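S.K.: Below you'll find the structure I mean.
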Amino acid sequence: MSGEAAAGHGHAAHGEWECEPTPFKASWPKVMMWWFLIGDAVLFGSLLVAYGFNRVAAPAWLPQDKVFSMNFITVMTFTLITSSATMATAVAASRAGDRKNACLFTMLTAVGGIAFLGMQVYEWWHMIGHHGARLTVGPKLEGFPDVPAFSAYFFMITGFHGSHVLSGVFILLYTGFNALRGRNGPEGVELAGLYWHFVDLVWVFVFGTYYLI
Amino acid sequence: MSRRDRGSVWRFLLPVGFLAFTAATVAAVLFKDWMPPVASEHGKGVDGMITYILCAAGLIFVAGHLLLAKFIFTSGADDAPAYKPIGNKAEMLFTIGPTIFILLISEIGVLFIGNPIWGQVFKEDPEDFQIEVIAKQFEWIAHYPGRDGKFGPFRMEKYDEVDNIAALWKKDKESRDDLVVRGKLILPAGKACQIRIKSFDVLHSFNIPAFRTKQDAVPGIYTKTRFVATTPGDYEIACAEICGVNHYKMKAKVQVLPLEKYMKWLEEEPGFFE
Amino acid sequence: MKTMVSAGVSLVLAVLLMAGCRTSARSMGAPEAAPGQPGGAAGSVHEIADGATLSGTVKFEGDAPRVRKNSAEADGVCHKAHPEGVPSESMLVGKDGGLANVVVWLKGGVNGTFEAPKTPALLNQEGCVYKPHVVTLMVGQTLEIKNSDGTAHNVHTLSKLNPEMNFAQPAPGSENKTFGSPEIFKVKCDIHGWMSAVVGVFKHPFFAVSDADGKFEIKGLPDGEYVVEAWHEKLGKQEGKVKISGGAAQTLDFSFSDEE
Amino acid sequence: MALTHSHGTDAAHGHDHPSGFWSKYIFSFDHKVIGVQYLILACIMGLIGAGLSVWFRTQLAWPGKAGMSPENYVMAVTMHGTIMIFFVVSLSLSSGLGNFCIPLQIGARDMAYPLLNMLSFWTIVPGAAIMVASFFVEGGGAAGGWTSYPPLSALPKAAPGSGTGQTLWLLAMAIFVVSFTLGGLNYVATILNLRARGMTLMRMPITIWTYFISAVLGLLSFPALTAAAIMLLLDRHGGTSFFLPSKLILSGQLQTNTGGTPLLFQHLFWFLGHPEVYILVLPAVGIAFDVLAANARRPVMGYKASVFALWAIAFLGMIVWGHHMFISGMNPYLGKYFSISTLIITAPFALLGVCLLGTLWRARIRFNTPMLFALGLISAVGTGGIGGLFLATATADLHFHDTYFVVGHFHLMIGVTSLMGTFAGIYYWFPKMFGRTMNETLGKLHFVGTMVGTFVVFTVQHFQGMGGMTRRYYEYVNEYVKPAAALNPLVTIFAFIAFGSQLIFLVNFFWSMFAGAKASKNPWEATTLEWTAESPAGHGNWNEPPVVRGDPYRYGEGADGKGWKLQTDA
């Protein structure tokens, strides 16, 4: 918070209400988005810490690679990370004023998100249908005990993340549509991008802690 | 609205009020022993720790209120010349001084007086008597390992409110000679006891105020606490963590016996399945 | 979103599970309505003044178990009433192996509706013990729950078909309750864990509780074929059949044993 | 480079002065109206919360005479705690006064996102309604204490209120968290982005600093409670076992849950719970600084040191939650760590306290009502803070945990200190809210009643705690506690006095709103920015954007001889 440099007061600004410069020169929607994401990160952090806490305390745990297909999860992760790249392209395009490409790449990102969601639906179907897992019943695996917490954390964490992806897809569709019409400035795409990158980042943590460790 | 009330009664009333409050509090500390009589070894240490903080914090409390009263009483009249800065050095001394003082006394207290006693409470010593205390809504049950020195394992399926409160099974070898006492904890005097605490339902807290002992009973895990009861006599267990409607009724007797009497009781009492 | 969906799904599961519990409870201890009551549907009230008597004995096979005593020292009032501890009443075996406190009732074969007696049944808390240990009454009949002690009690019914009650009862005090569904359930005191009683609620007046010697007697039975159940709080239940014709008295014996 | 105050879609912002009743007073975007709405809601909830405390205090003093069953008691205690912390202190101090004074003190027209601001308020109204309604559902309200530790709160059979009441409780809390988070986002963005020209960070009044820090703390800590609430709801209604270990026996029946741990909830809860204390206390201290400076006619002592201390408290406050759990079954080594780290907080807190006290050095005090409350706050924060030394020391906590010592301590901190700060703020800014002043005589009566009532109640409770008197007891049946419990009637009588004087405040507040003496633009001759706006300020606060040219507390250096200078003066 050392941004109180008194420089730049003389700059003429459009609009009638001049303000003191903000630290990091972020606009207020961006500041709000950042703090929202920080709070959301704490929420995911809490869930993951809770998972770690229970996992350490649990007498038994299931081997993830036997429950899930690791290749499939890797593809999921890859899809989501790719969508982050298209998002970055969209942000760059919208900054450059290229509405068409901004829209195109935002929509591509949304497609990536939908693909990810589809894979997650398969993943859930696999857990529920194939392994017989329920919120209160662990996946059935030969030679392993029933670990209900394995399912409970799976459904809660991936479900919560999935809901973020889902809302992200809606936001992206809306933003992409608006970008094409030129309704929002570059900031709209940027904000959606921030959210999307955050959702991806969270997935990396979920992947790392729930699937790998 | 009288804002410039220079001769305001509050100039006298407030300091007098603050001083009276301080004096009453100090008097209450000095002239009455509020703590229940102490009956355990580490309890004396806890009391020592409390006395230390009382003295140190009391000093800050009194000094702070004296200053507050003084500042209010001697504050200038509003139409007098405007405020003159006190000077950086004096301000620094005034602010940093007490800060460091308070930090020092509190950290010294916790490091050199508090933590050793904290260590005593959680010490693991194979020589200690092992006693298990079971908490359930709204009762305390004492469970002794019996002559074999081993606690029978819990078989929650065998639990019966009336006949098998400790959820033991007679086919478990360790359980046969276990002692189960409902609503009463019998302890030896002068010998360290490690209590392992278990809850069958919700959170409770094992609290013997006379021993300065408090430890939550957490379902799913064992919690431990350790003490040496010093004086034979009767004391009370209270529950210190809200556990439901009858939380206030959740109490039990603590009976501290001289060591020989305690050993005799252990010998003579028949085991739960004997 | 998905958490909500899965929460919803599991909520449905939980409801199903609870429903399952209910049915199993019904089959475990709760009297069921007799299957198909064609004639009595008009609400005719049977007279039970005359009829046959069903009597018998409930026996316990094996050694009489030791009667446990629970220390009541946590509560001064209870301790005074039972300085040596409160003896458990959950398994009382009398002379010749007679098993007390068994609820014997007609599970099937009773037709018609019956009016509940006006006199209340009494469950008294005295000396930190429920007196009597087993109370039987009819649906709609008043149960007076009384606290005659100098200490507060807590009445907690572990009923499944009737709404579960859990209320504090200061000393002295008295509460009147009625039950809408036939069921046998336990009552306990949350404060004094050793206190336990059994309440049996029935649709008809044909029930009895075995006495200290294991003897029971059900009076005023009309002719018919009946399924008789004997229910004990720890040993489970047994069924027997009896046929009554011409108002002749019948006997039926039960015997229980402890599997362990 | 100077950023503009661009408000995107909010057309209602700026010069429009809505005229209709609904858009002006009910669904207003104006931060000042929203602030007052919060205050009024807090007043209503305060009557309920404090009324509950009067009810159970009567039971404690004269057992059985209050017409209260043990069930009522645990529910009343739970609801009192929840309502007071989340729906009275948070709403009045953080949301109410915060909304009112943040834009005014930094020279903004409104909050960064006025629509969101209005939505925050209208989100919390149903939350408050649900919280109150939960008392009247079948089985009664939540009865697990305001901490709602599972398994008590997770198993509907564990307590009579653990049924629908507990679910509604969780729902209301979730709504509160949503509203509070949205409000916090607005605070942070407003304070960072919408400061008037010249209002650099180090020229902000300390009140703004405290609101900023408490908003940041809220954004960082409330998600932990959200996570805990999600998991608790799943445990309650989804059949999961996040907090429920295997083989619990309840009502004599074996439960089917497996594998959870109740300690997890406590960690998550206190990760919020401890910062929450600072969320509630710091703004009160900040307001006290402003009021003290204005009425002691001198700058606050150690402005920079105080800001530093606030950040230190905020940071340390995030890492010491475990001191609520010394005896919870946590690893004893963690107990040592939390004890040592908690006591480090004494340093910044002492610094803050000394700066408060030092602000009276060579002062020229005007004894008006806001000042009296600010002075009372100094004593409350000191007395309460000293109690914290005992509780932060794990060893002493062996005796004090969950006794009335804790009750007395935290009531002095988040009850008395916060409310004294709130009252100081309300009396102080009332002219800016309504263009009128509150009645001084009634105000002083209110002060005396509050001061005497609360201080006796909570100081005596410290001594009761020393006697080992355990909290949340319906009646004291244990022998050892009889001497301490004998003081209960005394405590209750003074609790009545404290409650009664709040009624005086309510009368004064609503009466003065319409009939108080007219106030000028700057009735207190204070220096901060809000006093350059009209009283009451219109929607948009200023016609011309103010330009800040100096520190917030410019007393005693006035060249023009009046002894003080507005922040906008050259």
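The values are calculated or read from the model by the stated rules, or taken from the named source; none is laboratory data. Keep in mind the model is a prediction, meaning the values are calculated, not measured. With ideal geometry, Cβ positions are generated from the backbone for all residues, glycine too; neighbour counts draw on all protein chains shown. Accessible surface areas use protein heavy atoms only, side chains included; no ligands, DNA or RNA. Shrake-Rupley method; radii C 1.70, N 1.55, O 1.52, S 1.80 Å.
S.K.: So which residues in region C:90-118 are in contact with a strand residue (DSSP E or B) (Cβ under 6 Å, 6 or more places away or on another chain) and of a type in the set (Phe, Trp, Tyr)?
M.R.: C:Trp105
S.K.: Just checking, how many residues over region A:140-155 are at pLDDT 90 or above and more than 15 Å from D:Thr258 (Cβ to Cβ)?
M.R.: Total satisfying the criteria: 2.
S.K.: Okay, next question. Pairs, please: C-beta under 6 Å, at least 6 apart or cross-chain, first residue more than 10 Å from C:Lys160 (Cα to Cα) and in region C:174-186, second aromatic (Phe, Trp, Tyr) and open to solvent by less than 60 Å² (accessible area, probe 1.4 Å)?
M.R.: Listed by first residue and then by second, the contacts come to C:Pro182/C:Phe202.
S.K.: Restricted to region B:152-178, and to residues that are surrounded by fewer than 20 Cβ atoms within 10 Å (Cβ to Cβ) and touching a strand residue (DSSP E or B) at 6+ places or on another chain (Cβ under 7 Å), which residue is nearest to B:Thr230 (Cα to Cα)?
M.R.: Among residues in region B:152-178 that are surrounded by fewer than 20 Cβ atoms within 10 Å (Cβ to Cβ) and touching a strand residue (DSSP E or B) at 6+ places or on another chain (Cβ under 7 Å), the one nearest to B:Thr230 (Cα to Cα) is B:Met156.
S.K.: Also, I was wondering about something else. With the condition kept exactly as written, say whether any residue in region D:350-370 is touching a His at 6+ places or on another chain (Cβ under 7 Å) and either closer than 28 Å to D:Thr181 by Cα or modelled with pLDDT under 95 (or both).
M.R.: no
S.K.: Still on this structure: In the set A:Leu166, A:Leu180, which member is open to solvent by 10 Å² or more (accessible area, probe 1.4 Å) and at pLDDT 95 or above?
M.R.: Exactly one of A:Leu166, A:Leu180 is open to solvent by 10 Å² or more (accessible area, probe 1.4 Å) and at pLDDT 95 or above, namely A:Leu166.
S.K.: I need the full set of residues from region C:101-125 which are assigned to a loop (DSSP other than H, G, I, E, B), at pLDDT below 90 and under 23 Å from C:Phe256 (Cβ atoms), in order please.
M.R.: Hit for region C:101-125 is C:Gly109, nothing else.
S.K.: May I ask you to verify whether D:Leu194 is more than 24 Å from the chain's Cα centre (by Cα), among the aliphatic types (A, V, I, L, M) and more than 14 Å from chain B (Cβ to nearest Cβ)?
M.R.: yes
S.K.: Please determine whether any residue of region C:157-171 is within 14 Å of another protein chain (Cβ to nearest Cβ), open to solvent by less than 10 Å² (accessible area, probe 1.4 Å) and under 13 Å from the mean Cα position of the chain (by Cα).
M.R.: Looking for residues that are within 14 Å of another protein chain (Cβ to nearest Cβ), open to solvent by less than 10 Å² (accessible area, probe 1.4 Å) and under 13 Å from the mean Cα position of the chain (by Cα), one finds at least one in region C:157-171, hence yes.
S.K.: Something else now. Pull up region D:463-477, narrow it to residues that are crowded, with 23+ Cβ neighbours inside 10 Å and of a type in the set (A, V, I, L, M), then point me to the one that is farthest from the other protein chains (Cβ to nearest Cβ).
M.R.: D:Met469
S.K.: Please go through region B:199-236 and give me each residue that is small (Gly, Ala, Ser), open to solvent by 10 Å² or more (accessible area, probe 1.4 Å) and within 30 Å of D:Gln255 (Cβ to Cβ), ordered by number.
M.R.: Across region B:199-236, the qualifying residue is only B:Gly220.
S.K.: For the structure I just gave you, tell me whether D:Phe243 is over 29 Å from D:Leu419 (Cα atoms) and at pLDDT 90 or above.
M.R.: Considered against the rule, which asks whether it is over 29 Å from D:Leu419 (Cα atoms) and at pLDDT 90 or above, D:Phe243 comes out as yes.
S.K.: Going residue by residue through region D:54-75, is there one that turns out to be part of a helix (DSSP H, G or I), more than 12 Å from the chain's Cα centre (by Cα) and within 20 Å of D:Tyr211 (Cα to Cα)?
M.R.: No, that holds for no residue.
S.K.: Just give me the residues in region D:239-292 being within 30 Å of B:Arg155 (Cα to Cα), part of a helix (DSSP H, G or I) and either open to solvent by 20 Å² or more (accessible area, probe 1.4 Å) or away from chain B (no Cβ under 13 Å) (or both), in sequence order.
M.R.: D:His267
S.K.: For residues in region D:197-214 being open to solvent by 10 Å² or more (accessible area, probe 1.4 Å) and outside any loop (DSSP other than H, G, I, E, B), which is farthest from A:Phe44 (Cα to Cα)?
M.R.: Among those that are open to solvent by 10 Å² or more (accessible area, probe 1.4 Å) and outside any loop (DSSP other than H, G, I, E, B), it is D:Arg197.
S.K.: Looking for something at pLDDT 90 or above, open to solvent by 50 Å² or more (accessible area, probe 1.4 Å) and closer than 30 Å to B:Val245 by Cα - is there at least one such residue anywhere in region B:181-198?
M.R.: yes
S.K.: Quick one: which helices (runs of 4 or more DSSP H) lie wholly within region D:403-491 and hold at least 3 residues that are touching a Leu at 6+ places or on another chain (Cβ under 9 Å)?
M.R.: Qualifying helices (runs of 4 or more DSSP H): D:404-410, D:418-434, D:440-466.
S.K.: Can D:Tyr25 be described as in a helix (DSSP H, G or I), open to solvent by 50 Å² or more (accessible area, probe 1.4 Å) and modelled with pLDDT of 50 or more?
M.R.: Yes.
S.K.: In a helix (DSSP H, G or I), within 26 Å of D:Trp564 (Cβ to Cβ), more than 7 Å from chain B (Cβ to nearest Cβ) and open to solvent by 10 Å² or more (accessible area, probe 1.4 Å), is that true of D:Gly353?
M.R.: yes
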